[in-house]
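J.: Structure below; questions to follow.
Throughout, read-outs are computed from the coordinates displayed, never taken from laboratory work. Worth saying up front: this structure is predicted, and the values here are computed from it rather than measured. Positions of Cβ are generated from backbone atoms using ideal geometry, with glycine treated the same way; all protein chains shown enter the neighbour counts.
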């Protein structure tokens, strides 16, 4: 679906609430309810906090065919666990921050891999490249739970990267702990990351 902006009113003193907002997927359709919950405990959070997005409405399916265990994982009392982490702003616009599978919990904070990737590309002025050059993954860490690993198919100097991220005011927890050079970043036929192979490469870092 596409959110088209409302026309700008020409009458002085008249304001219109737009139907789109940069970076947002839009507002919920009529009849759809949403909750933001803690990804680990399912505790209900404020809609303005980042967390797991749950939705309920007439469009929610009854479950996976012949797979009650999988259905039980995502369906509870009419609510559907989307697998997306997101938040709502004060006007009800939904912002999706990524899939739970692409987040790490470091020192109690949820760190989004895709946003870290974008910060790295921007800091190193690589964001105009068509080919996927990097991927952020994580490995277990005794002190903070997880640690970020930067997989890269090009040479990246660790000190230069850290300096560039500091200059861009990227949080310390978002700075990759390790950098691993690989021949290429594994991707699927769809163009999406092959997370399984990327995890194997990160584990060998």
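J.: Under a point spin-label approximation (7 Å from Cα along Cα-to-Cβ), what is the residue 118-residue 99 distance to one decimal in nm?
T.: 1.7
J.: So how tilted is helix 158-167 from the main axis of the chain? Cα-based, degrees 0 to 90, rounded to 10.
T.: Between helix and principal axis, roughly 40 degrees.
J.: Once both axes come from the Cα atoms, what is the angle between helix 113-123 and the longest principal axis of the chain, in degrees from 0 to 90, rounded to 10?
T.: Here the helix axis deviates by roughly 60 degrees.
J.: Now for a separate question. Provide the percentage of antiparallel DSSP beta bridges, counting only those with both residues in segment 101-203; round to the nearest 5. The partial results should precede the final answer.
T.: Working: 13 of 17 bridges.
Rounded to the nearest five, the antiparallel share is 75 percent.
J.: Using only the alpha-carbon atoms of segment 88-147, report the extent along each of the three principal axes, biggest first, to the nearest angstrom.
T.: On the principal axes, segment 88-147 reaches 37, 35, 18 Å in Cα extent.
J.: So the label point goes 7 Å from the Cα of residue 194 along Cα→C-beta, right? Which residues of segment 131-157 then have their backbone N under 11 Å from it?
T.: In segment 131-157, the label zone of residue 194 (backbone N under 11 Å from the point 7 Å along Cα→Cβ) covers no residue.
J.: Right, something else. Could you give the length gained on full extension between residue 84 and residue 25, defined as 0.36 nm per residue of separation minus the Cα-Cα distance, in nm? Please list the in-between numbers first.
T.: On the way: separation 59, 0.36 × 59 = 21.24 nm, distance 1.22 nm.
Here the answer is 20.0 nm.
J.: Here is a follow-up. What length, rounded to one decimal in nm, is gained on full extension from residue 169 through to residue 127, with 0.36 nm per residue of separation minus their alpha-carbon distance?
T.: Numbers: separation 42, 0.36 × 42 = 15.12 nm, distance 1.76 nm.
Gain on extension, residue 169 to residue 127, equals 13.4 nm.
J.: Calculate, in whole percent, how much of the Cα-Cα pair population of segment 78-185 lies beyond 18 Å.
T.: Working: 3087 of 5778 pairs.
Roughly 53 percent, once rounded to a whole number.
J.: State, as an integer percentage, the relative contact order of the chain based on alpha-carbon contacts under 8 Å between residues 6 or more apart.
T.: Relative contact order comes out at 13 percent.
J.: Here is a further query. At residue 64 and residue 91, where each label point lies 7 Å from the Cα along Cα→Cβ, what is the point-to-point distance in nanometres?
T.: Result for the modelled spin labels: 3.8 nm.
J.: Same structure, new question: Sum -39500 (n - 2.57) across every DSSP H segment of at least 4 residues in the chain, then divide by the residue count to get the 222 nm mean residue ellipticity, nearest 500.
T.: On the way: 4 runs with 37 residues, N = 205.
Calculated from helices alone, the mean residue ellipticity at 222 nm is -5000 deg cm²/dmol.
J.: Of the listed values (1) 12.5; (2) 15.8; (3) 10.7, identify the label whose number matches mean projected area of the Cα convex hull in nm² calculated from this model.
T.: (2)
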